[in-house]
Every structure is written in C-alpha cells, then in structure tokens.
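Working notes for the structure below.
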Amino acid sequence: MAHCNEKYLNLQSACLFDEINEKQNAYKESHPDADIISLDIEDGTQPLAPSAAEAMKKAVDEMSRGGTFPGCGPEQGYLFLREAIAKNDFQSRGCDISPDEIFVSDGEKYDIGNMQEIFAESDIAAITDPVYSPYVDSNVLAGRGGKFINGAYSKLEYLPCYEECDFKANLPQHDPMIIYLCSPNNPTGTALNKSNLTMWVKYAKQTGAVIFFDAAYEAFITEPNIPHSIYEIEGAKDVAIEFRSYSETAGLTGLRCGYCVVPKELMLETKKDDKVSANELWKCHQRAKFKGCSYIVQRGAEASYTEEGKKQIQAALAAYRENAKIIMDACEESGLNAYGGINSPYIWAAVPEGMTSWEFFDFLLDKAQVICSPGSGLGLCGEGFIRLTSFNTPELTKAAAERMKKALKEL
Ligand code: PLP
C-alpha cells in the first residue's frame with residue numbers, strides 16, 4: 001500500500017470552519033425556523049463589475065471565432081494584463097515595478113500558499129498571531145511546522161499582535177527567513193503605516209529575511225498615510241514579494257484571479273553560497289506546476305483598470321464600507337471595543353468581559369442568530385475577540401447589527 005504524506009495529518013486549521021459549521025447545523029436542527037445571518041463571510045459578495053462582465057463576454061466571442069482563439073496563454077499571464085497592473089497598481093504610486101516582475105494566477109491563495117516552495121525547508125517562517133490560516137497550513141505541509149503543542153506549531157515563529165500595540169507585531173527573535181505581513185489585515189483589520197513598513201523592510205535587509213506582503217485588501221484603504229504597496233518603501237524590492245487579489249474588487253471571487261510581484265532584485269542564497277534570482281525560481285515553479293489563468297478571466301481583470309471599471313469597483317467598495325460602519329456602530333452602541341473596518345472589510349471586536357471567543361459565538365448564535373468567527377480559532381492571541389466581516393448584503397448586515405444590539409442590551 002502507498003504511504004500517506006504525514007504532514008497532511010499535522011494540519012489543524014480546518015477545525016475552526018468545521019466547528020462553526022457543526023454548531024450552525026446543530027442550531028438549525030434544533031431551531032428549524034431560525035433565520036441565521038452570516039457575518040463570517042471571507043469573500044466578496046457584490047456582483048461582478050459590469051465592465052468586467054462585458055470584457056469577459058467579448059473574450060468568449062473572440063474565443064468562439066476561428067482566427068481569434070488565443071489558445072493556451074503564457075504561464076506568467078498575458079502581457080496586456082501585466083502591463084495594466086504595472087502601470088495602474090505600481091507605477092502610478094511611484095513604484096518601479098515592470099511587467100516581467102508580475103505573475104498572474106488563478107487567485108492569491110494559490111500564490112501565497114505556494115511561494116514558500118522556492119525557499120529551503122530549513123528556513124523558519126514567522127506569522128503574525130492571529131493569522132490568515134493558509135500561511136500556517138502551507139508551511140506545515142512544507143515541513144516547517146514541527147509539532148502542534150498547546151495550540152501552536154513548535155517550528156513556526158509566532159508574532160503576537162496585542163490590542164495594546166494596535167494589533168501590530170514586534171520584530172521577531174529567531175531570525176525567520178520568511179515573514180508574512182498582511183496589511184490591511186485579515187482578521188484584525190489593522191493597516192500598517194509607512195513607518196511600520198519601513199521598520200520591517202530595514203529588519204529584512206539586516207537579517208536577509210524575505211517579507212511575504214499580502215495586500216489582498218489594499219483597495220479598502222481610505223487613510224492617506226497607509227501604503228497600498230510595500231514597494232512604496234525604499235529598498236523593499238530587495239526584500240519583499242507582494243500578493244494581490246481581484247476577488248473583492250472586480251468581484252472575480254468565483255472566477256479566480258490574482259497576482260504576485262517577485263522583483264528582479266530579490267535574491268536567495270544557495271548551499272554553495274551563490275545567489276539565485278527569486279523571480280527565476282518562481283518562473284520555474286510556475287512552469288512546473290501551473291498553466292496560466294484563463295484568457296477570459298484575465299480580460300475581466302484588465303477591465304478593472306478602465307475609468308468605468310474603477311468607478312464600478314469604488315461603488316462595490318462603498319457598499320462594503322457602509323456595512324463595516326453599520327457593524328462598527330453596533331459594536332460601539334453595545335459597548336464592545338471594535339477595531340478595523342476603516343481600511344478593511346474586517347471588524348475585530350473584543351468579547352464582553354468574562355466570556356471566551358467561543359462563548360460569545362454561542363451567545364450571538366443563540367440570542368441573535370448571527371454567525372461570527374471566534375478569534376481563538378485564528379490564533380492564540382485571538383482569544384477574547386471575534387471577527388465580523390462586511391461582506392454580507394446591506395439589508396442583512398443591518399438586520400444582524402440590530403439583532404446584536406438587542407441581544408447585547410439584554411445580556
Ligand atoms: N489573502 C487574504 C488575507 C485573504 O483574506 C484572502 C481571501 O480570503 C486571500 C488572500 C485569497 O484571495 P483569492 O480569493 O485571490 O485567492
């Protein structure tokens with residue numbers, strides 16, 4: 001009999017979502033008429049931007065005609081999209097990023113999960129706590145996890161993000177070579193400012209570490225002092241890889257499109273003390289494992305950079321921002337300390353005194369029929385918090401906020 005890869009048996013994060021589903025299903029069984037509202041949605045729910053839909057219809061027509069059928073595209077992504085990305089997402093902000101440093105994929109999760117494969121298994125990975133779980137899982141599968149003891153993997157370096165430090169991590173202690181930073185952050189909603197990011201870039205330059213900068217929620221930034229890209233920081237091209245998604249902007253959630261930037265300046269060390277280009281290694285990775293994001297979807301993503309597309313995306317973002325405000329206001333009125341929601345679709349709320357994250361989850365399910373994500377399932381430092389998201393419809397978000405306020409009044 002073939003043998004299983006034991007590293008898969010070491011994964012823990014699926015437990016949170018399984019447990020939420022189990023509790024929700026059990027509640028539905030005992031309360032068949034319950035009208036549950038989910039405020040734990042992680043994906044965009046606004047419909048596809050009309051300009052993206054139009055561009056994709058046109059692309060289907062092109063593919064349906066002989067002579068214009070584009071066939072299999074380049075693994076790295078079509079040049080038309082990579083040029084639009086370089087110009088609109090980076091050069092317009094003064095970042096010197098060129099199309100050959102951009103790799104288009106079928107969603108950011110693929111890139112952020114796989115990028116660690118071009119690094120040595122012996123390199124330590126650092127993650128913030130609480131955390132977006134794919135950072136942890138992909139490293140556990142790569143053998144960088146170690147034993148799971150008391151809620152933490154022994155070989156990962158956890159960077160605690162406490163309320164007292166605005167949920168921003170301090171510098172690591174164990175010389176990690178891979179550092180995951182997510183800004184605006186999922187789950188805490190915190191956004192790193194220029195001086196925070198400058199500190200991380202300086203640290204990475206000093207130690208030789210590489211920053212994996214997850215900017216999936218960059219479009220949600222509203223405050224002027226928050227960089228949209230890590231490459232707005234001097235020297236970041238030597239030390240950082242950036243990841244972006246179209247899921248919550250152009251509404252491409254289910255259609256799948258994202259990209260990463262691997263700068264040409266970024267070098268990794270070989271065992272023989274030589275240097276090798278990370279950009280070249282990622283090209284090899286993609287050649288070996290990926291065959292490109294579909295032409296149709298890439299045309300949809302390209303449409304998000306037209307004037308019309310930009311306006312439509314802003315309209316979708318405005319709806320999410322309004323939802324975030326409704327949730328923040330409900331928390332404030334109910335006396336819960338809540339964070340995020342300004343540069344981010346995520347609201348991180350402290351639970352009432354004396355309760356754990358799961359106890360508050362149970363309370364909200366039972367008394368308000370609202371589902372949240374218990375913070376303790378997103379990391380040890382998440383205990384005492386819940387995550388609420390602005391991705392439901394405005395009507396259901398308002399209804400959930402009213403129910404929460406009523407339930408908390410009676411607590
Ligand atoms: N990064 C973060 C922090 C996310 O929250 C998500 C989506 O939930 C992703 C990446 C994945 O993005 P995509 O839909 O492009 O795979």
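What follows draws every value from the coordinates through simple rules; no lab data is involved. None of the values given here were measured: they were computed from a predicted structure. Positions of Cβ are generated from backbone atoms using ideal geometry, with glycine treated the same way; all protein chains shown enter the neighbour counts.
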In terms of the charge dipole of the range 111-203, which places +1 on Lys and Arg and -1 on Asp and Glu at the beta carbon, the residue among TYR158, ASN196, GLY143 farthest towards the positive end is ASN196
Any lysines whose Cα falls less than 21 Å from that of LYS23, other than same-chain ones fewer than 8 residues away, would be LYS367
Over all pairs of different Cα atoms in the chain, the reciprocal of the mean inverse distance gives a Kirkwood radius in Å of 22.3
GluC sites (Glu not before Pro) in the range 89-184 lying in a DSSP loop, each with at most 15 other Cβ atoms within 10 Å of its Cβ, come to GLU121
Flagged as over-length at 30 Å C-alpha distance, from LYS87/LYS289; LYS109/LYS409; LYS194/LYS325; LYS205/LYS310, the pairs are LYS109/LYS409; LYS205/LYS310
Within the set TYR132, TYR346, TYR162, GNM on the chain using Cα springs under 10 Å gives the largest fluctuation to TYR162
Treating only Lys and Arg (+1) and Asp and Glu (-1) as charged, each at its beta carbon, one finds that the range 1-151 has a dipole about its Cα centre, in Debye to the nearest 20, of 240
With +1 on the Cβ of every Lys and Arg and -1 on the Cβ of every Asp and Glu, the dipole magnitude of the range 162-292 about its Cα centre, in debye rounded to the nearest 20, is 720
Toy charge model, Lys and Arg Cβ at +1, Asp and Glu Cβ at -1: the chain dipole around Cα centroid in debye, rounded to 20, equals 800
Under the rule rounded for a/c under 1.5, else prolate if a/b exceeds b/c, else oblate, using alpha carbon gyration tensor axes a ≥ b ≥ c, the range 1-140 is classed as oblate
Out of SER229, LEU365, ALA324 - ranked by how far each Cα lies towards the positive end of the dipole of the chain, with unit charges on the beta-carbon of charged residues - the top one is SER229
For the range 88-104, in residue order, the Karplus 3J(HN,Hα) values (coefficients 6.51, -1.76, 1.60; θ = phi - 60°; whole Hz; Gly and Pro = x) are 7, 8, 10, 4, 5, 9, x, 9, 8, 10, 10, x, 6, 9, 9, 10, 8
Loop-resident trypsin sites (Lys or Arg not before Pro) in the range 269-318 with no more than 14 other Cβ atoms inside 10 Å, DSSP not H/G/I/E/B, are LYS271, LYS272, LYS291
For the range 263-306, the charge dipole (Cβ of Lys, Arg +1; Cβ of Asp, Glu -1; about the Cα centre) points to a positive end, and the Cα of THR306, ILE296, MET267 closest to that extreme belongs to ILE296
Of 148-155, 375-382, ordering from highest average Cβ density within 10 Å down gives 375-382, 148-155
What helix-only [θ] at 222 nm does the chain give? Using -39500 (n - 2.57) per DSSP H run of at least 4, over all residues, to the nearest 500, the answer is -11000 deg cm²/dmol
